[in-house]
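A.B. asks: Got a structure for you, questions after.
Taken together, the values in this text are just the output of simple stated rules run on the coordinates, not laboratory data. Everything numeric in this text was worked out from a predicted model, so none of it was measured. Glycine gets a Cβ as well: all are built from the backbone with ideal geometry, and neighbour counts include every protein chain shown.
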Amino acid sequence: MPLVTGDDLLVTARTQGYAVGAFNTSNLEITQAVFEAAAELHSPVMLTTSQSAIKYAGFENLRAMVENVSDATGVPAALHLDHGTDLDVIERCIEGGWTSVMIDGSHHPLEKNIEVTRRVVEMAHPENISVEAELGRLVGVEDEISVEEGDAAYTDPDEAERFVESTGCDSLAVAIGTSHGAYKFKGEPRLDIDRLEAIASRVTIPLVLHGASAVPPDVLELARKYGAELGDARGVPPESIARAIDHGISKINIDTDLRLAFTGRVRRILSESPEVFDPRKILAAAREGIKEVVAAKIRLFGSENRA
Ligand code: G3H
Ligand code: 13P
Ligand code: ZN
């Protein structure tokens, strides 16, 4: 079916208390894996492309691929620009087939973030494209800052209310303790659910959780078994994700877990079947691993049978 907007998927998710998975893609196999899992579980889904994914795969290639696979699959799906920082890329997405864009002004001071976000809302809304914005910064162990500095980067509930009123954005990414990548926590994982609750009581639009990969133990173990060096990789446990959904998170971004699944499966087939040199056999193994991860997310997020 034709792509739908971010709002078409997320407003219902917020009112009905589940979350839609937003999965980063940059190639055919990831796209197929996400759509196959979503179709089997009758789940809405978001396919997201970062600016670097667009650079890697090509703007038209990604758009045509996601549209084609979506048409053939028949679940409600949106094509979303992840972490848009370049206004030219954002404009191109708005005009060129994306149905949802993120303006990430989180690195700016508040007033500048409001200004750039409002500008993107003014560009996107006349074209019926949804806009996600971000307030607060996602800091992880790789940023090497103190716990206090990390807390200070979290989203302030009062600011969130003012930000949403001033910008007219459709969804808001919040910083409550997650971070991008495979190394999210040094000790015990900790999400600031009280803060999320306070934000959700002031902001009625859908809230978004970035940096939400779990680094699942089985996926990590497989990749390590076949030689991946992943240090002290640690993600957000499923229980924390479930609590976040209970407290207003309606869109959950996953990239790292797909990358880990891809890596483990490719390593395994190359190691166990050294005679294989057909890219399709190698990439089909990766696709299967990603599909399993996506299916587990859909079940955890509660979006199964919501299509
Ligand atoms: O949030 C970032 C995503 O994981 C995309 O990362 O810029 O390497 O494509 P990328
Ligand atoms: P992960 O690195 O935890 O998968 O987060 C992805 C993300 O937030 C993409 O925007
Ligand atoms: Zn992100």
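A.B. asks: Considering the zone a paramagnetic label at ARG190 would reach in this model (a point 7 Å from Cα along the Cα-to-Cβ line), which residues of region 139-175 have amide N under 12 Å from it?
C.D. replies: 146-152
A.B. asks: Between GLU115 and SER271, what length comes free when the chain is fully extended (0.36 nm per residue of separation minus the Cα-Cα distance, one decimal in nm)?
C.D. replies: Once the chain is fully extended between GLU115 and SER271, it gains 51.0 nm.
A.B. asks: Here is a follow-up. What ranking do 191-200, 18-27 get when scored by the average of other Cβ atoms within 10 Å per residue, highest first?
C.D. replies: 18-27, 191-200
A.B. asks: List the aspartates and glutamates whose alpha-carbon lies under 20 Å from that of LYS55, not counting same-chain residues fewer than 8 positions away?
C.D. replies: Straight-line reach from LYS55, under 20 Å: GLU29, GLU67, ASP82, ASP86, ASP88, GLU91, GLU95, ASP104, ASP255.
A.B. asks: For HIS107 and ARG280 in the same chain, what is the full-extension length gain: residue separation times 0.36 nm, less their Cα-Cα distance, in nm?
C.D. replies: Length gained between HIS107 and ARG280: 58.2 nm.
A.B. asks: Under the rule a/c < 1.5 gives rounded, and otherwise a/b versus b/c splits prolate from oblate, where does the chain land using the Cα gyration tensor?
C.D. replies: Oblate shape, in that a/c is at least 1.5 and b/c is the bigger or equal ratio.
A.B. asks: Next question. Using alpha carbons only, how many angstrom separate the centre of region 105-143 from the centre of region 44-80?
C.D. replies: Region 105-143 and region 44-80 have Cα centres separated by 21 Å.
A.B. asks: Evaluate E = 1/(1 + (r/R0)^6) for ASP232 and GLN16, where r is the Cβ-Cβ distance and R0 equals 45 Å; express this FRET efficiency to the nearest 0.05.
C.D. replies: 0.75
A.B. asks: Along the positive direction of the dipole of the chain (beta-carbon charges: Lys, Arg +1; Asp, Glu -1; about the Cα centre), which of ASN253, MET65, GLY181 reaches farthest?
C.D. replies: The Cα lying farthest towards the positive end belongs to MET65.
A.B. asks: What does the extension gain come out to for LYS225 and SER201, with contour length at 0.36 nm per residue minus their alpha carbon separation?
C.D. replies: Residue separation times 0.36 nm, minus the Cα-Cα distance, leaves 4.2 nm.
A.B. asks: Sort 47-59, 75-87 for me by packing, meaning the mean count of neighbouring Cβ atoms within 10 Å per residue, highest on top.
C.D. replies: Packing proxy ranking, top to bottom: 75-87, 47-59.
A.B. asks: Given a Förster distance of 45 angstrom, what is the FRET efficiency for SER146 paired with GLU95, based on the Cβ-Cβ distance and rounded to 0.05?
C.D. replies: Using R0 = 45 Å, I get an efficiency of 0.55.
A.B. asks: Next question. Please get the size of the charge dipole for the chain, origin at its Cα centre, with Cβ charges of +1 on Lys and Arg and -1 on Asp and Glu, quoted in debye to the nearest 20.
C.D. replies: 860 debye
A.B. asks: Under the rule a/c < 1.5 gives rounded, and otherwise a/b versus b/c splits prolate from oblate, where does region 214-272 land using the Cα gyration tensor?
C.D. replies: prolate
A.B. asks: Specify whether the C-alpha gyration tensor of region 111-150 places it in the rounded, prolate or oblate class, a ≥ b ≥ c being the square roots of the eigenvalues: rounded for a/c under 1.5, otherwise prolate if a/b is larger than b/c and oblate if not.
C.D. replies: prolate
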